[in-house]
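Visitor: Supplied in structure tokens, the structure appears directly below.
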Amino acid sequence: MMMKILKRLSEGGLYSNKIMAKELGIDEGMVEQMVSQLERLGYIKRDNMNASSGCDCGCCSSGKKKSCCSGKDNVNIDLWKLTEKGRAAV
């Protein structure tokens with residue numbers, strides 16, 4: 001099942017754990033566990049992105065967040081990228 005997730009991630013595009021779970025016919029929590037395991041095993045890596053509709057000061061991308069980055073419109077998005085090991089596996 002983890003190889004199916006890895007293959008799906010290799011195809012690119014956007015997905016959610018909910019959609020992935022539905023595609024694979026498994027529980028959403030199981031998808032989260034398998035994605036975490038793929039990361040621990042070195043097949044994928046996380047690229048966290050902070051999307052804010054109200055912050056244009058650049059502090060979010062510098063890692064020095066200010067009060068403008070603490071609004072309710074902030075959304076953390078985890079992007080998963082295959083590592084060299086992951087690409088070799090698919």
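The values are calculated or read from the model by the stated rules, or taken from the named source; none is laboratory data. The shown structure was predicted, so the numbers you read here are calculated from the model rather than taken from an experiment. Neighbour counts run over all protein chains shown; Cβ positions are idealised from the backbone, glycine included. Side chains are part of the model used for accessible areas, which takes the heavy atoms of the whole protein and leaves out ligands, DNA and RNA. Shrake-Rupley method; radii C 1.70, N 1.55, O 1.52, S 1.80 Å.
Visitor: If residue 7 satisfies every condition in (1) within 14 Å of residue 88 (Cα to Cα); (2) open to solvent by less than 40 Å² (accessible area, probe 1.4 Å); (3) not in a loop (DSSP other than H, G, I, E, B) but one, which is the exception?
Guide: Against the list (1) within 14 Å of residue 88 (Cα to Cα); (2) open to solvent by less than 40 Å² (accessible area, probe 1.4 Å); (3) not in a loop (DSSP other than H, G, I, E, B), residue 7 comes up short only on (2).
Visitor: Considering each of 76, 17 in turn, give the residue that is out of contact with any Lys or Arg (no Cβ under 6 Å at 6 or more places or on another chain) and either open to solvent by 60 Å² or more (accessible area, probe 1.4 Å) or modelled with pLDDT of 95 or more (or both).
Guide: 76
Visitor: Another question about this same structure. Which of the residues belonging to region 33-54 are open to solvent by less than 90 Å² (accessible area, probe 1.4 Å), of a type in the set (D, E, K, R) and at pLDDT 90 or above?
Guide: Result: 39, single match.
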